[in-house]
Amino acid sequence: MLLQSQTATAQTDADAIMMAKNNLCIGPMYMHSSWKNYWEGTFKRDNQNLGTVSTQMFSVMGNYGISNKLNFLFNVPYVKTKATLGTLRGAEGIQDLSLWLKWMPLEKKVGKNTTYAVYGIGGFSTPLSNYQGDYLPLALGLSSTNFTGRLLADIQHGDFFATASGSYIKRSNITINRDAYYTTTMHYTNKVDMPDVVAAQFRTGYRTERWIAEALFDYNNTLGGFDIRKNDMPFPSNNMDMIAAGLNFKYTFKNVRGLSLTGGGTYVLHGRNVGQSTMFNGGVFYILRTGKTTGAVHTCKLCGK
């Protein structure tokens, strides 16, 4: 969950940047996350049977401008996990396909230097492989199919901006490879009810056609679930909450039209039933024209129509 929500600023589902009509921004992305300490409920501890748990994600991300106000985004990740101590082996494979529609119904300029914009974003993700969600903390993911609704508002004054968003994530139930399991009561089934999630994010920083540098703050709250029991393994329907902060940047080359570099890092400040992760990411993206373009090659929001 943390890796997918902390991508660098590159016309993603979580930022206020739109691709112009008939432009496709696509490229590879790499992310690395690791933690040694984690929260067992509200108790922070380490575990000598795990050591340091790390996750690597290699993904292909893309954003296509259906119009200047409607974008289609996708992400296909390959994930590898490992622990430095103990007998648990890491996992690797294709994780979840993510698809998004990003709509900007309102953009209004006030005065010479201030622009307001509102976005509605809908997302869908589902596993692309038969990985086991009941293998935490080394599972590739939680193996649920998710539907996300997000409302995002952005204000830019000169070269400085602030973006705030709120999301609701509806998660499907999952099936695990055991006939019974215990949460706070005994369940004689292989079906697990997955609690939904609400999330909020705030971004602020410097944004021009060439440079973006931003600070971000993330809040994720699971609506239900239960705490990890003492010295037990995590479970997919645990109550996984977190507050995280990070920095992102994006640089668009002047002499190579459409080429950009992105990068960033995030640190979990506080959590419940999650690892205190340190995450870094980087990517290279290129914008392709797929037809007649009515806006600039980078983004209609930043470069004008």
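So here's what we get for this one:
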{"read-out": "Criterion: at pLDDT 95 or above and on the phi > 0 side of the Ramachandran plot - qualifying residue of Asn238, Asn273, Asn248", "value": "Asn273"}
{"read-out": "Evaluation of Thr204 against (1) out of contact with any helix residue (DSSP H, G or I) (no Cβ under 8 Å at 6 or more places or on another chain); (2) in contact (Cβ under 8 Å) with a residue 12 or more places away in the chain; (3) farther than 28 Å from Thr148 by Cα; (4) not aliphatic (A, V, I, L, M) (one fails), failing number", "value": "(3)"}
{"read-out": "Top-ranked residue of the range 33-84 - restricted to ones that are crowded, with 18+ Cβ neighbours inside 10 Å and among the aliphatic types (A, V, I, L, M), ranked as farthest from Leu269 (Cα to Cα)", "value": "Leu73"}
{"read-out": "Any hit, the range 139-153, residues being surrounded by fewer than 17 Cβ atoms within 10 Å (Cβ to Cβ) and over 28 Å from Met57 (Cβ atoms)", "value": "yes"}
{"read-out": "Some residue of the range 186-195 being hydrophobic (A, V, I, L, M, F, W, C) and in contact with a Lys or Arg (Cβ under 8 Å, 6 or more places away or on another chain)", "value": "yes"}
{"read-out": "Among (1) outside any strand (DSSP E or B); (2) surrounded by fewer than 16 Cβ atoms within 10 Å (Cβ to Cβ), the one test that Phe235 misses", "value": "(2)"}
{"read-out": "Leading residue by the ranking (nearest to Asn173 (Cα to Cα)) among those in the range 124-135 that are out of contact with any Gly (no Cβ under 8 Å at 6 or more places or on another chain) and surrounded by fewer than 19 Cβ atoms within 10 Å (Cβ to Cβ)", "value": "Thr126"}
{"read-out": "Whichever residue in the range 155-184 is free of Cβ contacts under 8 Å to residues at least 40 places away in the same chain and not in a strand (DSSP E or B) and, among such residues, is nearest to Thr145 (Cα to Cα)", "value": "Ser172"}
{"read-out": "Meets criteria (aliphatic (A, V, I, L, M) and over 19 Å from the mean Cα position of the chain (by Cα)) for Ile94", "value": "no"}
{"read-out": "Qualifying positions in the range 100-119 - surrounded by fewer than 15 Cβ atoms within 10 Å (Cβ to Cβ) and part of a strand (DSSP E or B)", "value": "Pro105, Leu106, Lys108, Lys109, Val110, Thr114, Tyr116"}
{"read-out": "Pick from the range 154-170, criterion surrounded by 15 or more Cβ atoms within 10 Å (Cβ to Cβ) and hydrophobic (A, V, I, L, M, F, W, C), ranking: nearest to the chain's Cα centre (by Cα)", "value": "Ile169"}
{"read-out": "Residues of the range 84-93 satisfying the condition of being in contact with a Ser or Thr (Cβ under 7 Å, 6 or more places away or on another chain) and over 8 Å from Leu140 (Cα atoms)", "value": "Thr84, Gly90"}
{"read-out": "Hits in the range 210-220 (condition: closer than 18 Å to Thr115 by Cβ and loosely packed, with under 15 Cβ neighbours inside 10 Å)", "value": "Arg210, Trp211"}
{"read-out": "Filtered residues of the range 13-44 (kept if touching a strand residue (DSSP E or B) at 6+ places or on another chain (Cβ under 7 Å), in a strand (DSSP E or B) and either within 18 Å of Phe235 (Cα to Cα) or not small (Gly, Ala, Ser) (or both))", "value": "Asn23, Leu24, Cys25, Ile26, Pro28, Met29, Tyr30, Met31, His32, Trp35, Tyr38, Trp39"}
{"read-out": "Residue count for the range 41-78, restricted to those that are in contact (Cβ under 8 Å) with a residue 40 or more places away in the chain, closer than 20 Å to Ser143 by Cβ and in contact with a Gly (Cβ under 7 Å, 6 or more places away or on another chain)", "value": "1"}
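Every residue, every condition in (1) of a type in the set (D, E, K, R); (2) assigned to a strand (DSSP E or B); (3) at positive phi, yes or no:
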position	(1), (2), (3)
Asn47	no, no, no
Gln56	no, yes, no
Gly62	no, yes, no
Gly65	no, yes, no
Asn71	no, yes, no
Pro77	no, yes, no
Lys80	yes, yes, no
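The values are calculated or read from the model by the stated rules, or taken from the named source; none is laboratory data. No experiment lies behind these values; they were computed from the predicted model shown. Here Cβ is always computed from backbone atoms with ideal geometry, including for glycine, and neighbour counts include all displayed protein chains.
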